[in-house]
Amino acid sequence: MNYVKEEELAFLAENELIIVAPTVKLPILYLMGNNYGPFQPPLKEKVPIWLAILLRNRNKCRIVPPEWMKVEKLSDMLTKKNFKSLPFQYLEISHLLLGCATADIPNSNTILTLIREIYEIRKATFRAKIKDLNSDHMLIEDLGMMEINEFRPFVTTSFNHIRKLNDSYKKKDDDSDSEF
Amino acid sequence: MFGEELENTHLSSICNTADVDGSNGFNTQDFLNDDSEGASEQSDIDLFTKAWINEKNSPEILNFKKELLESLSLKLTTQKHFIEEENLEIFLSSIYLQEIERLKFLIRSYLKMRLEKIEKFSLDFLVNQENRLKLSSKELSYCEKYQRLKQEYFNKTCLEKLPEMLRSIEEKNEMGLSMIVEPDLNDSVLFKVDKSIEIYRLEDRLVTIKS
C-alpha cells in the first residue's frame, strides 16, 4: 500500500488559501484553478499558499498570518486542551508559512514552540486512545492530516491483525457448531 | 470552512472497507472533502486532487478518471497557448508556469500510481472482467504486455523445467486459495465523518459508536 509522503502532504497543503498583502501592483492572474487579483496595495487578497510563497520570495507581498496562528490563540488552545479551531492541515501550513515568511509573522519562534507542544499533546492523547481499538472501528476526534498520516501505518496494520484474529475466532466457532 | 464542520462532532474513524465502500468503491478517504457548500462548486483540479488522494490510499485500483483527465489536458494546452500569446513579463509567466507544473506533477503521479497497481495485480485484471473495466485502453494494453513478459520470464527460468501439471500460474486449489495476486478488499481505511453519526452499518449488522 502506498503511504502519502510528507512532501506530498505539503504539496496538498499548498492549495489552501491564505490572505496576503501585496506590496506591488499586479494584474489579474487567469490561472486554471481560479482567477486571482488584481493586486492593488493596500488591498488584501486571498490566494493559494503556493502562490503566496512565490510572491513572498520575490518580495511582492507580505503574508498575513491566519487567525489561529497567533500566540494568544495557540496558548489558549493549549491551556484549554481544545484544538477544534485548528485547521486540518495546521502542521503543514505553519511549516510552509514559517519557512518562507518568518518576518511577517509576529513571535514566530514562540509560535513554532507552541505548535510543537500542541503536536506532542495530541500525539499523547492519541496513544492513550489506542486501547479503544476494536475489530469494527476506532474513533479519533480532530486529528490533523499529518498526524493521521503518521499513525496510518500503525493503526491500519494493527486493525487488520485484530480483524484477522477475530475472523478466525468466528470461523472456529462455526466449525465446532457444525460438528454437533 | 473548517469551523462550521467542527461544530459538529468531528470524527475520524477507522473502519472495515466493506460497509463504506459500497459497490463502486470510492470516496472513502475524502480527507480534503471539507467543502460543505456542495460538490458542484469544485473545480476540475480539486476533483482530480481528490481522485489522487483516493487512488493513493485505496488497496485496489479505482475507476480511471477519463473525462477529468481529458478536460485537464485540454485546460493545460489552452493555458500554454494563453501564456505564449499574452507575451507576459517573466515574473508573471513564472506564476503561470508553476501552476502548470503543479498540475502536471499531479497527473504524472496519478498515472504512475496506477501503473504500480497494474503491475502488482496484472493477472487479476486479465482474468477478472469487472476489474478490467476500471482501466483505460492504454493501461489495459500495458497490463497485457507486462503480463506476457512476466509469463515468458517465468517459463524460461523455471516453469519449463517442471512437469506439465505444475506449470499453471493461475490456479485455485480446493481451499479457495488462489495464485492470482488480488487486492485485499478488507484492508482498513481511514475516513472522515462530516456530520455526527451514532450508528453505521458494517456488513450485515449495525454498530454503535461510543464516544
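The values are calculated or read from the model by the stated rules, or taken from the named source; none is laboratory data. As the structure is a prediction and not an experimental result, all values here were calculated from the model. Cβ placement follows ideal geometry from the backbone for every residue including glycine, while neighbour counts extend to all protein chains displayed. For accessibility, only protein heavy atoms count, side chains too; no ligands or nucleic acids. Shrake-Rupley method; radii C 1.70, N 1.55, O 1.52, S 1.80 Å.
A compact table of results
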item: Cα centroid separation, region B:137-211 to region A:12-62 (Å); result: 46
item: Listed residue (A:157, B:98, A:146) projecting farthest to the positive dipole end of the protein assembly as shown, Cβ model; result: B:98
item: Heavy-atom SASA rank of A:24, B:207 (probe 1.4 Å, accessible area, largest first); result: A:24, B:207
item: Taking chain A and dividing mean pair separation by its residue count, relative contact order in percent (alpha carbons under 8 Å, at least six apart); result: 20
item: Expected 222 nm ellipticity per residue - DSSP helices of 4 or more, -39500 (n - 2.57), all of the protein assembly as shown, to 500; result: -17000 deg cm²/dmol
item: Unit charges at the beta carbon, dipole of chain A: most positive-side option, A:130, A:111, A:42; result: A:42
item: In Hz, Karplus ³J(HN,Hα) per residue of region A:83-89 (6.51, -1.76, 1.60; θ = phi - 60°; x = Gly, Pro); result: 10, 5, 8, 6, x, 4, 10
item: Cβ neighbours within 10 Å from other chains - mean over A:26-36; result: 5
item: Distance (nanometres) between label positions extended 7 Å along Cα→Cβ at residue B:172 and residue B:148; result: 2.7
item: Hz values of 3J(HN,Hα) by residue in region B:115-130 - Karplus curve (6.51, -1.76, 1.60), Gly and Pro given as x; result: 4, 4, 5, 5, 5, 5, 10, 3, 5, 4, 5, 7, 8, 9, 4, 5
item: Gap separating the Cα centres of region A:112-141 and region B:120-136, nearest whole Å; result: 39
item: Electrostatic dipole magnitude of region A:2-105 [Cβ: Lys, Arg +1; Asp, Glu -1; Cα centre; debye, to 20]; result: 360
item: Shape box of region B:53-211 [Cα atoms, principal axes, largest first, Å]; result: 71, 55, 22
item: Percent of Cα pairs exceeding the 16 Å cut-off, where the set is region B:47-147; result: 61
item: Rounded to the nearest 10 Å², the accessible area of residue B:81 at probe 1.4 Å; result: 100
item: Residue among A:90, A:36, A:119 with the largest mean-square fluctuation in a Gaussian network model of chain A, springs linking Cα atoms under 10 Å; result: A:36
item: Chain A, dipole about Cα centre (Lys/Arg Cβ +1, Asp/Glu Cβ -1), debye to the nearest 20; result: 880
item: Under 5 Å, built H, 5+ apart or other chain: amide partners of residue A:31; result: A:36
item: P(r) weight above 23 Å for region A:53-145, C-alpha pairs, percent; result: 33
item: Surface/4 estimate of mean projected area, convex hull on alpha-carbon atoms of the protein assembly as shown, nm²; result: 25.2
item: Radius of gyration and Dmax over the Cα atoms of chain A, both given in Å; result: 22.5, 85
